[in-house]
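Engineer: The structure's right below; bear with me while I get my questions together.
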Amino acid sequence: MAAAGGDKLPVEVCKGFSGLDRVVLREARGSSAEVYLYGGHVTSWKNDHGEELLFAAFKPPKPIRGGIPICFPQFASHGGLESHGFARNRVWSIESDPPPFPTNSASKAHVDLILKPTEEDLKIWPHSFEFRLRVALGPGGDLLLTSRVRNTSTDGKPFSFTFAYHTYFAVSDISEVRVEGLETHDYLDNLQSKERFTEQGDAITFESEIDKIYLSTPTKIAILDHEKKRTFVVRKDGLPDAVVWNPWDKRAKAIADLGDEEYKHMLCVEAAAVEKPITLKPGEEWKGRLELSAVPSSYCSGQLDPQKVLQSS
Ligand code: TA6
């Protein structure tokens, strides 16, 4: 699977920030992605013009900020563990021969990672599990993440967890962005004690801090960046919820590893399972899939037409 070497290899293992192990994925037409073993964390996704599509603000020795943190076995503070669970703060391993996928990705540019709990982890979350993560670049430069969590307990007990792909999209200017696909859905508002509301009929636009968990959302969401004339399409499976977060100016100032102005250039739209935790009996496996594509907005119809993006397959 993984090999070290020249520029053209679809998978290269090398050192990244702070000497941490990093896997670089390259697709023949020029798109690329980078995954750190620390956190099983995707930190970069570039299109075939070399443009960065994810926001990342990695400022060692802080944990990685930005990219796609894996929130497991707890989303945010929905439980007694550290915020967003411990998986993003553990070193994952490369798995050279994972159990087969029902639908196998044809892409050579992929890596399989695995996380198992340590003795220390079992003290804070007493459940044996295997978490397999495949990160792949599709032929058109799409980024595909598949998570498989298996209950490997021998004590006969089920366990429950919440989960999110906490994706930070890079945007030109947050004030010029809108999100389509979540309107009319219910959400829990983190800024109002997780109270439940219903989103109005309009697309979501941004003019202040937002931290909402949209519930039972469609499998496709579009993020339109008017200034860049780019639309991100999020396709998700096994992940009913979608979190939308931007800290805006005041909260950004309180986040040590985020520059005061950086909130303008990021938007988190997170495929998640939060409201209804996932429960696995021993031997059971859960799968959650995220597929990201970035298309010029003009591709949609000659004009910005998010409905076409959402309706197309
Ligand atoms: O997903 C939104 C959120 O839970 C926010 O409440 C905010 O705190 C954000 O994640 C970032 O969390 P972090 O622990 O990475 O600073």
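Quick note: the coordinates plus some simple rules give every number you see, no bench work behind them. Just so you know, these numbers come straight off a predicted model, no measurement behind them. Here the Cβ is made from the backbone with ideal geometry for all residues, glycine too, and neighbour counts use every protein chain on show.
Engineer: Can you tell me the length gained on complete extension of the stretch Glu261 to Asp249, counting 0.36 nm per residue apart and subtracting the Cα distance?
Structural biologist: This chain segment gains 3.6 nm when fully extended.
Engineer: Mind checking which of Ser160, Ile174, Ser208 is farthest towards the positive end of segment 153-221's charge dipole, using Cβ charges of +1 (Lys, Arg) and -1 (Asp, Glu) about the Cα centre?
Structural biologist: Ser160
Engineer: As a check on your grasp of the helix formula, calculate [θ] at 222 nm for the chain: sum -39500 (n - 2.57) over DSSP H runs of n ≥ 4, divide by the residue count, round to the nearest 500.
Structural biologist: When only DSSP H runs of four or more count, the value is -1500 deg cm²/dmol.
Engineer: Averaged across orientations, what area in nm² does the convex hull of the alpha carbons in segment 143-223 project?
Structural biologist: 7.7
Engineer: Under a 5 Å amide H to amide H cut-off, with H placed in plane at 1.01 Å, what residues pair with Gly39 once short-range neighbours are removed?
Structural biologist: For Gly39, the qualifying residues are Arg90, Val91, Trp92.
Engineer: About its Cα centre, what dipole magnitude does the chain give when the only charges are +1 on Lys and Arg Cβ and -1 on Asp and Glu Cβ, stated in debye to the nearest 20?
Structural biologist: Once rounded to the nearest 20, the dipole reads 680 debye.
Engineer: Going down the table (Lys212/Lys236; Lys123/Lys287; Lys220/Lys250; Lys108/Lys220), which pairs top 23 Å between alpha carbons?
Structural biologist: Over 23 Å Cα-Cα: Lys123/Lys287; Lys220/Lys250; Lys108/Lys220.
Engineer: Could you give the alpha-carbon Rg of the chain over 2.2 N^0.38 Å, rounded to two decimals?
Structural biologist: After normalising by residue count via 2.2 N^0.38 Å, the value is 0.96.
Engineer: To continue, here is another question. For segment 48-146, what does the equivalent ellipsoid look like in terms of its semi-axes, each the square root of 5 times an eigenvalue of the Cα gyration tensor, given largest first in whole Å?
Structural biologist: Taking √(5λ) for each Cα gyration eigenvalue gives 26, 20, 11 Å.
Engineer: Take the Cα coordinates of segment 92-132, assign each an equal point scatterer, and use the Debye formula without solvent to give log10 I(q)/I(0) at q = 0.14, 0.35 Å⁻¹.
Structural biologist: With no solvent term, the Cα-only Debye profile gives -0.43, -1.24.
Engineer: Going by how many other beta carbons lie within 10 Å of each one, how would you line up Phe232, Phe197, Phe86, fewest first?
Structural biologist: Sorted ascending by nearby Cβ count, the order is Phe197, Phe86, Phe232.
Engineer: Straight-line reach only, C-alpha to C-alpha below 14 angstrom: list the aspartates and glutamates that Lys264 could link to, leaving out same-chain residues fewer than 8 apart.
Structural biologist: Leaving aside aspartates and glutamates fewer than 8 places away in the same chain, those within reach of Lys264 are Asp173, Glu176, Glu207, Glu209, Asp225, Glu227, Asp249.
Engineer: Taking Cα pairs under 8 Å and at least six residues apart, what relative contact order does the chain come out at, in percent?
Structural biologist: This gives 16 percent for the chain.
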